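Report on the following structure.
The values are calculated or read from the model by the stated rules, or taken from the named source; none is laboratory data. Nothing here was measured: the structure is a model prediction, and the numbers come from that model. With ideal geometry, Cβ positions are generated from the backbone for all residues, glycine too; neighbour counts draw on all protein chains shown.
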Amino acid sequence: MSSTSEDRVRIGRYLARTRAEGPGERTAVWVQGCTIHCAGCFNPHLWTFRGGAEWTATDLLARVLAEETDGLTLLGGEPFDHAAPLAAVAAGVRDAGRSVMTFSGYTTAQLDAAVRGGRTGVAALLAATDLLIAGPFVAGLVDRARPWAGSTNQEFVPLSDRFPDLLAAARSTPDRLEITVAADGLVSVNGWADDDTLDALLHDLGRRTVSPAP
Ligand code: SF4
């Protein structure tokens with residue numbers, strides 16, 4: 001589990017509002033950097049800790065709060081490789097009465113071990129998360145039933161009772177794929193779909209940016 005700056009975090013992608021990364025309308029942040037390297041990962045461009053843009057936790061929190069969405073979803077990259085600054089952002093989002101969902105390629109056992117080992121940033125991000133989706137992506141276990149999860153081994157773990165309907169909403173929300181075509185013709189995709197489905201959908205659209213997998 002990597003350790004990054006306490007107050008700065010590299011962001012690979014920022015989406016002000018989406019309905020494809022959790023219940024309701026949410027702000028989604030993909031961090032830049034992941035040490036897990038799951039075989040078949042959809043976001044290998046987010047493995048490196050270089051690239052993206054560096055934000056202070058204070059600036060990122062202010063930007064997220066200004067969006068006035070239902071909550072924040074943290075994806076990657078690996079959020080727990082950037083735990084300390086994201087914990088500050090997540091805590092601020094919850095202080096504003098909004099929910100936090102965090103995706104991780106680490107298992108709950110690995111996260112618990114990190115907390116027992118004194119990783120205060122990991123503990124703080126877990127404490128500021130309402131719904132955790134935990135576990136590595138396993139290409140042989142693709143999940144075609146649940147929303148957002150990439151593979152069936154990944155666990156949905158409620159970590160607070162502040163949003164009692166969040167898990168139910170998660171389970172009852174259909175999987176979505178959002179496709180945005182910018183004025184310059186750049187096609188951006190978020191949500192989850194396998195490569196064959198994406199290729200079929202985007203066949204006539206040219207370039208694509210894909211940020212689907214936890
Ligand atoms: S699926 Fe997530 S945890 Fe796994 S390598 Fe990709 S970004 Fe990292």
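Restricted to the range 1-98, the set of strands (runs of 3 or more DSSP E) holding at least 2 residues that are more than 25 Å from Phe137 (Cβ to Cβ) comprises 8-18, 53-56.
Let's see how each residue does on (1) surrounded by 13 or more Cβ atoms within 10 Å (Cβ to Cβ); (2) of a type outside the set (Asp, Glu); (3) part of a strand (DSSP E or B); (4) modelled with pLDDT of 95 or more:
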site: Leu126; (1), (2), (3), (4): yes, yes, no, yes
site: Ala145; (1), (2), (3), (4): no, yes, no, no
site: Phe156; (1), (2), (3), (4): yes, yes, yes, no
site: Phe163; (1), (2), (3), (4): yes, yes, no, no
site: Ala170; (1), (2), (3), (4): yes, yes, no, no
site: Pro174; (1), (2), (3), (4): no, yes, no, no
site: Glu178; (1), (2), (3), (4): yes, no, yes, no
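Among the residues of the range 33-50, some residue qualifies, meaning at least one is within 16 Å of Arg10 (Cβ to Cβ), crowded, with 24+ Cβ neighbours inside 10 Å and touching a Phe, Trp or Tyr at 6+ places or on another chain (Cβ under 8 Å). The residues listed here are Thr35, Thr18, Thr48, Thr27; of these, the one that is among the β-branched types (Val, Ile, Thr), more than 9 Å from the ligand (Cβ to nearest atom) and over 14 Å from the mean Cα position of the chain (by Cα) is Thr48.
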